[in-house]
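Working notes, structure below.
The values are calculated or read from the model by the stated rules, or taken from the named source; none is laboratory data. Bear in mind the structure is a predicted one, so any value in this text is a computation, not a measurement. Cβ: placed from backbone, ideal geometry, glycine included. Neighbour counts: every protein chain shown. Accessible surface is based on the protein model in full, side chains and every heavy atom, while ligands, DNA and RNA are left aside. Shrake-Rupley method; radii C 1.70, N 1.55, O 1.52, S 1.80 Å.
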Amino acid sequence: MAIDISKIKTSREVEKTLQTLSPFEIKNELIRLADESALKSTAITLNAGRGNPNWIATVPREAFFLFGQFALGECRNVMEEQGILAGIVQNKTGVAKRFEEFLSNHKDSPGASLLEKTYHYGVDNHDFDADAWIREWIEAVIGFNYPVPDRMLSHIEIIVHDYLIQEMCGIGSNIGKFDIFAVEGGTASNVLYF
């Protein structure tokens, strides 16, 4: 998005002050101005800066929490002790079929459509073994295993790669393969780089 600089009216003194600010300080000032403007109108300012947004994307979270219910059920199928302990899913066989049945039984639940589309994206577009694909989801949502390889879960890495190519290069781009190493945020990625 290009900004028409002629529409920004500042004095030379303000320009000199802005030149002394870091990008974070400028961002904070812009957020302050946007918040001030929002108080005078009915518009809401969406702030996605530095990992502290004032909004959430509900559909992915609904899908996450719905899948979490399925994953807990799979753990309880392994072992359940007094309603407070469950087992770790060891067997991959048949988990995709049980997931399909779960989706069928919860098709009207918030997030179900995204889960179904994501599941089929992996199976249909990448020929993922359906049981291994869902097993990886269970490991991720329950958090009972470190990723192997240790940089990212193997099926998820392929999907993230597709997303990055689509968003950064355009749908249908074929510019090669990137190695992806998932980290918590920008600071962690800088540490890895250096």
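Points to keep in mind about this one:
- Approximating the spin labels as points 7 Å out from Cα along Cα→Cβ, the residue 105-to-residue 132 distance works out to 2.8 nm.
- A straight chain from residue 178 to residue 16 at 0.36 nm per residue would run longer than the Cα-Cα distance by 54.2 nm.
- Taking all protein chains together and rolling a 1.4 Å probe, residue 152 ends up with roughly 20 Å² accessible.
- Solvent-accessible area of residue 93, all protein chains in place: 100 Å² (probe radius 1.4 Å, heavy atoms, ligands and nucleic acids excluded).
- Inter-centroid distance (Cα atoms) of region 83-148 relative to region 11-34, Å: 47
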